[in-house]
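Read-outs throughout are calculated quantities, based only on the coordinates presented, and are distinct from any laboratory measurement. Here the structure is a predicted model, which is why all the values come from computation and not from measurement. All Cβ positions, glycine included, derive from the backbone under ideal geometry; neighbour counts span all protein chains shown.
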Amino acid sequence: MVSPTRDTGGDRRQGTDGATLIRHFGTTDALPLWIAEPDVELAPSVTSALQARAADRWFGYETRPGSVIELFRDWTRERHAWDCAELAVMVSPSVGTSTGVLVDLLTRPGDGVIIQPPVFTDFKTIVSENGRTVVRNPLVLSGDQYKMDLDDLASKTADPGNKLLILCNPHNPVGRVWDNDELAAVAAICAEHDVFVLADEIHADLALPPHRFTPFAAATGDSGVRWAATHGPIKTFGLAGVCDTLLVTDQPQVEASFETRSSQFHLTRNNVFAIAAFEAAYRGGRTWLDDLLVLMAANVTVLASGLPDEITLVNPEGTYLAWLDLRALDIEVAELGPWLAQSAGVAVSPGHWFGREGAGFARLTIATPTETIERVVDQLRSAIRRR
Ligand SMILES: Cc1ncc(COP(=O)(O)O)c(C=O)c1O
């Protein structure tokens, strides 16, 4: 597999018409649509806070104010009608850090960790690099929507060797925003066999109306399921290179052991820019985010009406991503990404990066100007005509 980061190598340039182009699968002029982050002007509140912080010229130790956590609590109350005042909210450098630490804390070498492919690639890597067994509960495509295979999940959770489910809500890459009934079913199944649920909810703010994000925590009812969830502004505000994330849980024991790991490995060292960006995002980023959601909805409309017949858009409900079904083109799995880059000038993430269930699909970012999406549609149409 080509590493997406290495493949691009930061090599962005302006095309003659002003469009941003990148190196991808051997081309130097592909439209950059392969990564899950916004390719638009970022929230002014955030960029000006970062500039002001840089202008401070003081980059020593800084205490993270408690208001950072309170801002997050206000944000979830307002945007998701989720009150997490009674829950533990801890800072973690990244979602990957939280995932790795929880895999280490909650499972032993050889134990099974269930994932739901096609899914964000780091889950598999973190599980296997920690010496745990990746157990697959593949999603099932039904019409233009993915569903969870709950019977299969019930049988996988019934295996006493499987201790943890990593749930992706909303789901990268297929764009599902799981609803209350689906999440409640997962909670009931996992509670029955005491399988811990780690809900990766880093895309929580990116549900496309009329879809609404439901926190896993809100769907657990009286199931008694043990859970934790990852949150934070890194995806929402395009801050993955700067910002901290959060780990939320109702389990005092998980809170205590996560805090211990954090101090054992100094995971809580503060980054002055992360603090500034985090506060500015949650204080001043509402309107920017609302505008972005409108832009993404418009881009979905362009894709839905403009894609050639050979390419089907799997109905996107949330995340920065559109999941395209290109199986009708009958292109060899390993050739799909190169063909899209070289023949259509479109740099996407080929679906098999997310597991074998993604073969023949591709993930494309929709958080980009509509002109770019219009170009994508035109370039795909011409590439297919020339085949
Ligand atoms: C579902 C999901 N989780 C986690 C991450 C990465 O988070 P981090 O860089 O904080 O590890 C991504 C990045 O795209 C993602 O889509």
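In terms of the mean number of neighbouring beta-carbon atoms within 10 Å, the peptides 345-357, 154-166, 286-298 order highest first as 345-357, 154-166, 286-298. Phi-derived couplings, Karplus 6.51 cos²θ - 1.76 cosθ + 1.60 at θ = phi - 60°, listed residue by residue for the stretch 49-63: 5, 5, 5, 5, 5, 5, 5, 4, 6, 9, 10, x, 4, 9, 7 Hz, with x used for Gly and Pro. Taking other C-beta atoms within 10 angstrom as a stand-in for reagent exposure, VAL140, VAL376 fall in the order VAL140, VAL376, fewest first.
Could you work out the relative contact order of the chain? I mean the mean sequence separation of Cα pairs under 8 Å and 6+ apart, divided by the number of residues, in percent.
About 23 percent, as a whole number.
At R0 = 35 Å, how high is the FRET efficiency between GLU129 and SER305 if r is their beta carbon distance? Nearest 0.05 is fine. About 0.25, to the nearest 0.05. Over the stretch 59-284, Cα pairs under 8 Å with separation of 6+ residues give a relative contact order of 24 percent. Given the C-alpha centroids of the stretch 197-270 and the stretch 271-315, what is the distance between them in whole angstrom? First find each Cα centre; the distance between them is then 20 Å. The label point for ASP181 and the one for ARG283, both projected 7 Å from the Cα toward the Cβ, are 4.4 nm apart.
At most 12 other Cβ atoms within 10 Å and a DSSP loop assignment: could you name the GluC sites (Glu not before Pro) in the stretch 75-146 that fit? The partial results should precede the final answer.
Numbers: sites: GLU78, GLU86, GLU129; in loops: GLU86.
Passing sites in the stretch 75-146 are GLU86.
The mean sequence separation of alpha-carbon pairs under 8 Å and at least six residues apart, normalised by the residue count of the stretch 282-387, gives a relative contact order of 30 percent. Secondary-structure-derived ellipticity at 222 nm for the chain, considering helices only, amounts to -12000 deg cm²/dmol, per-run term -39500 (n - 2.57) for DSSP H runs with n ≥ 4.
Taking a ≥ b ≥ c as the square roots of the eigenvalues of the alpha carbon gyration tensor, the stretch 182-274 is oblate, as a/c is not under 1.5 and a/b does not beat b/c. Residues THR99, THR20 in ascending order of nearby Cβ atoms (within 10 Å, fewest first): THR20, THR99. One quarter of the surface of the convex hull around the alpha-carbon atoms of the chain equals 18.9 nm², the direction-averaged projected area. For the chain, the antiparallel share of DSSP beta bridges with both residues in that region comes to about 60%. Under a 5 Å amide H cut-off, with hydrogens placed 1.01 Å from N, LEU321 pairs with ILE366 among residues at least 5 apart or on other chains. Around the amide H of ASP29, modelled in the peptide plane, lie the amide H atoms of HIS24, all under 5 Å away and 5 or more residues distant in sequence or on another chain.
Each residue of the stretch 76-87 is assigned a 3J(HN,Hα), and the resulting list reads 5, 5, 6, 8, 10, 6, 10, 9, 10, 4, 8, 9 Hz, derived from the Karplus form 6.51 cos²θ - 1.76 cosθ + 1.60 (θ = phi - 60°), x at Gly and Pro. Can you tell me how the stretch 66-187 classifies by the Cα gyration tensor, rounded, prolate or oblate, using a/c under 1.5 as the rounded cut? Judged from the Cα gyration tensor, the stretch 66-187 comes out oblate (a/c at least 1.5, b/c at or above a/b). Distance between the 7 Å Cα→Cβ label points at ARG356 and ASP104: 3.1 nm.
Ranked by how many other Cβ atoms sit within 10 Å of their own Cβ, fewest first, the residues TYR146, TYR282 fall in the order TYR146, TYR282.
Close amide H partners of ASP111, meaning residues 5 or more places away or on another chain with modelled amide H under 5 Å apart, are THR133. Across the stretch 294-322, the residues whose backbone nitrogen lies under 12 Å from the label position 7 Å along the beta-carbon direction of THR370 are 294-303.
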